[in-house]
Structure formats: C-alpha cells, structure tokens
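A.B. asks: Encoded as structure tokens, here's the structure I'll be asking about.
The values are calculated or read from the model by the stated rules, or taken from the named source; none is laboratory data. What you are looking at is a predicted structure, and each value in this text was computed from that prediction instead of being measured. Cβ placement follows ideal geometry from the backbone for every residue including glycine, while neighbour counts extend to all protein chains displayed.
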C-alpha cells in the first residue's frame, strides 16, 4: 500500500519516537595506571541498531517537507551497510520501495538484514568500482527514472543537520545534567555527518572544544585524500573524503588500528556486556588517545555507532593477535554508568 503525504508525516512522527534520545554511557576504566571515564552515546539502541537511523529519518523528513520525495517513490542509496539497513526499515515503514547498492564484501549479516526489510540489494564488485561504483550505479539508476529519490548521504547537508540538531544537543545536555562540559568529541568518519554535526553544535556552545575525526591506521583515507590500503572496520574510511567533511574545521585526525579496534570491541562485550561493533571499539580507543593528550580528567565523548549483530561472521568473533603497539591490552574496564535521557528530546518534546 502506498502512503499519502499525511500518512507519511504521521508515520515519520511515530518513527521519531524509536530513534534518538539514547543513553550516554560513562565507561569507567584504567589505562596506563590512571583511572579514566570515557562518555559514549549508546547508538546501538536505535530502531535498527545504529546511529544511521538518525540521519535516514532526518533526510526523509526534510525531503518530504521540501517536496523532494513523493509517496510511492523508490529510495535508492549507495551504502556500506548501516545506512542501507536504516533506509530499508524506515523507507518500507513509509511505503517506499527501496533499492540498495553496496560493495559485495560487506558482511552477510548486513546484506541479510537489508533483504529482511523487503529491500532490493545490488551488490557491486571491486571490478565494478566497489564503493565508488555503488554511488555511480545509484546515480545512473535515478537518472533512468523519474520516481527515484536519492538520499545522497555523503553530500546531503541534512546528514550533518541530523547530528547538529539531535546527537550534539543530547550529548551536551546529558553531560550538563551531571555537571560536566565536553572538552573533546571524536568519531570515525564514514559519511562524516556525525563528527561534523556534533562538532558544529559543540563549537557553537564552546569554540574551544576539540573535535577529532577518526580513521583506520591501515587505510588512512582522510590523511591521504584517497583510498589507501585495506582495513576491517566496515562503515568508516571508505574510498574517498565525503563532500560534507571539511577537515579545515576539525582538529587533527586520530588513527586507530583495526586489530586494536576489534580487541577493544571484544573487551567491551566480555567485560561490560556492551554488544557493539568494531567501529565502536575504534571510537573508544580514539577517545582514550585524545584524553591522554588533554589529561586523565578531560571529558571526552564519542559514539558507539552500532551493535555487534552485523559482524558475527567477521573477525570480531575470532581470536585477534595482539601487537606491541596496540592500546586495548592496556585498558581494564571497571564499570559503567548511564546518564539520564534528556526530557526535551523525549517523544512529547519532539512533537
């Protein structure tokens, strides 16, 4: 059944109650002999288990408000997985056909989840261009028909706006409720929407807040400006620097090894019961690196971007060799607390 505009707006309103206003966790640990606390937004608790729900919801809300999408249009997007899952779920809830273009080396769980929502997947091989090929093919598909909406997550300002208007204010007010102010924020760059949006909000409140993008040490796309090497953290450091990322507005790039990220994600699960993905382990270690520079009492925030269910067939569930330059073995996780959700971001406050 195809929804009307009124149906779509009502459904979007309902979906907004299942996305965002997630807990902010205080992860207590010791690192190099000193007690630390890292604050991480628990984004694995969103509708489909990732932070991408925020962006997908906001892009579709904006598109409907601006008349750029019509009931029954096909949503087509190039993605490494989480965004595809989000658009598949939210798009189908709104009555839209969904077609996802994604590299064929992404985890089977991601592919199966997208299909489970009734979306179509077009897998793109390395010979067909991989990630850049996925974007090209989605653009070609949209050009061939008049009833296709392209979210264009890598260049759409609504991606950044999603985090400037929700993620950033939520973190700020959750910390404020505990008498804290952030000294720094770090996040891995996939589309860059999270680090740019949260960074923009934080800097508007305090220009001195540090905002660091994070990349994978084995494949430093941000530093090089183009694809370099290979890595095992799906969802960040793709094959290019997204249009919405302006590195001149950010602090120095933080690099983290993929094996170190795997070890840290495993430790978060086995020590604290936090079932998070590999990029969450990466973000946690990047936050520790920044805190090491600022001082052990510095308030550093990050995001746990998704859950571990999308990685059960990957190296996340295997024994990862430890290298001398890894940080995760030096981390002892000792406790966890959750800061209150923000009342004005609850369902009644967003209606």
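A.B. asks: Exactly one condition in (1) without any contact (Cβ under 8 Å) to a residue 40 or more places away in the chain; (2) under 15 Å from residue 156 (Cβ atoms) is false for residue 69; which is it?
C.D. replies: That leaves (1) as the condition not met.
A.B. asks: Does residue 212 satisfy being in contact with a strand residue (DSSP E or B) (Cβ under 7 Å, 6 or more places away or on another chain), within 23 Å of residue 281 (Cα to Cα) and either modelled with pLDDT under 95 or part of a loop (DSSP other than H, G, I, E, B) (or both)?
C.D. replies: No, not satisfied.
A.B. asks: Could you go through region 177-197 and let me know if any residue there is surrounded by fewer than 17 Cβ atoms within 10 Å (Cβ to Cβ), on the phi < 0 side of the Ramachandran plot and assigned to a helix (DSSP H, G or I).
C.D. replies: Scanning region 177-197, I find at least one residue that is surrounded by fewer than 17 Cβ atoms within 10 Å (Cβ to Cβ), on the phi < 0 side of the Ramachandran plot and assigned to a helix (DSSP H, G or I), so the answer is yes.
A.B. asks: Give the residues of region 190-201 that are in contact with a helix residue (DSSP H, G or I) (Cβ under 6 Å, 6 or more places away or on another chain) and within 14 Å of residue 249 (Cα to Cα), sorted by residue number.
C.D. replies: Selection gives 193, 194, 196, 197, 198, 200, 201.
A.B. asks: Would you tally the residues in region 105-120 being on the phi < 0 side of the Ramachandran plot, in contact with a strand residue (DSSP E or B) (Cβ under 8 Å, 6 or more places away or on another chain) and at pLDDT 90 or above?
C.D. replies: So the answer is 6.
A.B. asks: Right, something else. Restricting the search to region 157-176, which residues are in contact (Cβ under 8 Å) with a residue 12 or more places away in the chain and either surrounded by fewer than 23 Cβ atoms within 10 Å (Cβ to Cβ) or over 13 Å from residue 303 (Cβ atoms) (or both)?
C.D. replies: If the condition is that a residue be in contact (Cβ under 8 Å) with a residue 12 or more places away in the chain and either surrounded by fewer than 23 Cβ atoms within 10 Å (Cβ to Cβ) or over 13 Å from residue 303 (Cβ atoms) (or both), then 157, 158, 159, 160, 161, 164, 165, 169, 172, 173, 175 are the ones that fit.
Each row is one residue, and each column tells you yes or no for (1) assigned to a loop (DSSP other than H, G, I, E, B); (2) surrounded by 15 or more Cβ atoms within 10 Å (Cβ to Cβ); (3) touching a residue at least 24 places away in the same chain (Cβ under 8 Å).
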| residue | (1), (2), (3) |
| --- | --- |
| 262 | no, yes, yes |
| 283 | no, yes, yes |
| 298 | yes, yes, yes |
| 319 | yes, no, no |
| 338 | no, no, yes |
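A.B. asks: Still on this structure, please answer the following. Would you mind stating whether residue 78 is within 18 Å of residue 6 (Cβ to Cβ) and touching a strand residue (DSSP E or B) at 6+ places or on another chain (Cβ under 7 Å)?
C.D. replies: no
A.B. asks: Just give me the residues in region 264-279 being in a helix (DSSP H, G or I), in contact with a helix residue (DSSP H, G or I) (Cβ under 9 Å, 6 or more places away or on another chain) and within 22 Å of residue 34 (Cβ to Cβ), in sequence order.
C.D. replies: The answer is 264, 267, 268.
A.B. asks: Taking the residues in region 269-281 that are surrounded by 24 or more Cβ atoms within 10 Å (Cβ to Cβ) and out of contact with any strand residue (DSSP E or B) (no Cβ under 6 Å at 6 or more places or on another chain) as candidates, determine which candidate is farthest from residue 250 (Cα to Cα).
C.D. replies: Here the answer is 278.
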